[in-house]
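Some notes on the structure that comes next.
The values are calculated or read from the model by the stated rules, or taken from the named source; none is laboratory data. Treat the numbers as computed from the prediction; the structure is a model and nothing was measured. FYI the Cβ positions are ideal-geometry reconstructions off the backbone, even for glycines, and counts take in every protein chain you see. Ligands, DNA and RNA are stripped out before the accessible areas are found, and what is left, the full protein with its side chains, is counted by its heavy atoms. Shrake-Rupley method; radii C 1.70, N 1.55, O 1.52, S 1.80 Å.
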Amino acid sequence: MSAAATEGWDALDAELDRWAAAGRTATFWWRDDDAVDDTPALDRLAEAADTAPVGLAVIPAGATEALAARLAAQAGWTCLQHGFRHGNHAPPGEKKAEFGPHRAVADMLDDLARGRRLLEPLFGRRFFPLFVPPWNRIAADLAATLGSAGYRGLSAFGDRPLPAPGLVRLDCHCDPVDWHGTRGFVGVEAALAPLLHHLRARRAGDAPDRPTGLLTHHLAMDDATWRFCAMLRKRTALHTATRWLSPEEATCPIGIQAARAPRTPE
């Protein structure tokens with residue numbers, strides 16, 4: 001392990017020690033995007049996550065019965081709605097979005113309803129009504145209607161403030177893939193930096209005390225990225241001041257209570 005990587009992991013341990021000293025628990029959650037079928041990459045996800053619950057963001061239009069069977073057999077995994085087709089509706093020159101400000105809200109709500117009608121019977125009790133917009137982009141007008149459309153929460157990236165009445169924001173903060181460069185592993189320091197920033201902001205009261213999110217893409221990760229995820233899970237699981245929550249736990253009062261109480265090691 002390089003000196004920079006060692007310093008990154010040491011910084012995480014030190015931050016978690018501060019949570020422990022304050023008598024608090026640093027809560028985490030894991031979201032994995034773009035699932036449609038049961039693949040060998042899901043085996044790697046299960047191995048890296050170990051017993052941590054995973055919110056699997058499933059693309060409704062492509063979801064298979066094989067994927068539903070895999071979730072049914074995988075303890076702690078939940079199906080989340082990842083758009084409808086994961087298709088780009090943004091005009092040329094703009095950032096990709098399926099549910100951005102380029103479409104009428106009524107049309108987007110129709111797509112959401114169509115997607116949910118596909119997921120609910122397929123995944124049954126494993127389906128949880130938390131919406132994950134493709135590319136983490138959503139029009140503010142649509143976000144404002146999700147609660148009345150029956151969704152419990154909204155998950156994007158980086159705690160973006162949006163008018164979303166009736167919803168719990170459950171965002172992700174750490175994405176270890178270098179999307180704007182090699183598309184390989186971004187590196188330990190770069191991966192941990194936003195995660196540490198969010199933990200410090202939560203502890204200081206400068207950010208809402210919601211779980212710190214890890215975002216992965218099981219179909220697009222190299223060996224180094226998988227090793228990082230497994231190490232993050234291992235380091236946090238060994239610390240007494242951490243707890244990994246499912247999306248259901250993170251969007252109900254237990255998600256707040258867990259951040260106030262210490263836990264015993266797993």
Item to check | Heavy-atom accessible area per residue - the chain, 1.4 Å, Å² | outcome: 43
Checklist entry - Top to bottom by accessible area (1.4 Å), largest first, where do Lys95, Lys234 land? => result Lys95, Lys234
Checklist entry - Using θ = phi - 60° and the Karplus form 6.51 cos²θ - 1.76 cosθ + 1.60, what ³J(HN,Hα) does each residue of segment 9-19 get, whole Hz, x for Gly and Pro? => result 5, 4, 5, 5, 4, 5, 5, 5, 4, 5, 4
Item to check | On Cα atoms only, tilt of 223-237 relative to the major axis of the chain in degrees | outcome: 60
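Does segment 27-124 classify as rounded, prolate or oblate by the C-alpha gyration tensor (a ≥ b ≥ c root eigenvalues; a/c under 1.5 gives rounded; else a/b over b/c gives prolate, otherwise oblate)? If you can, show how the numbers build up before the last one.
On the way: a/c = 2.29, a/b = 1.72, b/c = 1.33.
Here segment 27-124 falls in the prolate category.
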Checklist entry - Once phi is turned into θ = phi - 60°, what whole-Hz ³J(HN,Hα) does the Karplus curve with 6.51, -1.76 and 1.60 give for every residue of segment 112-123, x standing for Gly and Pro? => result 4, 5, 4, x, 5, 5, 7, 6, 4, x, 6, 9
Checklist entry - So what is the relative contact order for segment 24-142, in percent, with contacts set as C-alpha pairs under 8 Å and at least six apart? => result 26
Checklist entry - Long-range amide H contacts for Thr216: which residues qualify at under 5 Å (H placed 1.01 Å from N, peptide plane, sequence gap of 5 or more or a different chain)? => result Arg31, Asp32, Asp33
Next on the checklist: Taking the Cα centroid of segment 100-158 and of segment 207-255, what is the distance between the two, rounded to the nearest whole Å?
Outcome noted: 22
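Which shape class, rounded, prolate or oblate, goes with segment 109-221 when its Cα gyration tensor gives a ≥ b ≥ c as root eigenvalues, a/c under 1.5 marks rounded, and past that a/b bigger than b/c marks prolate?
Numbers: a/c = 2.13, a/b = 1.40, b/c = 1.52.
Taking the square roots of the gyration eigenvalues as a ≥ b ≥ c, segment 109-221 is oblate.
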Checklist entry - So for the pair Ala190, Ala237, with labels modelled 7 Å out along Cα→Cβ, what separation do we get in nm? => result 2.8
Item to check | Within segment 76-185, chymotrypsin sites (Phe, Trp or Tyr not before Pro) in DSSP loop having at most 15 other beta-carbon neighbours inside 10 Å | outcome: Trp179
Checklist entry - Just one of [x] 20; [y] 25; [z] 30 is percent of Cα pairs over 32 Å apart calculated from these coordinates, so which is it? => result [x]
Checklist entry - In nm, to one decimal, how far is the modelled label at Arg18 from the one at Thr182, with both set 7 Å along Cα→Cβ? => result 3.0
Checklist entry - Once both labels are modelled 7 Å past Cα along the beta-carbon direction, what's the Asp10-Leu109 spacing in nm? => result 5.5
Item to check | Computed accessible area, Ser148, all protein chains, 1.4 angstrom probe, square angstrom | outcome: 110
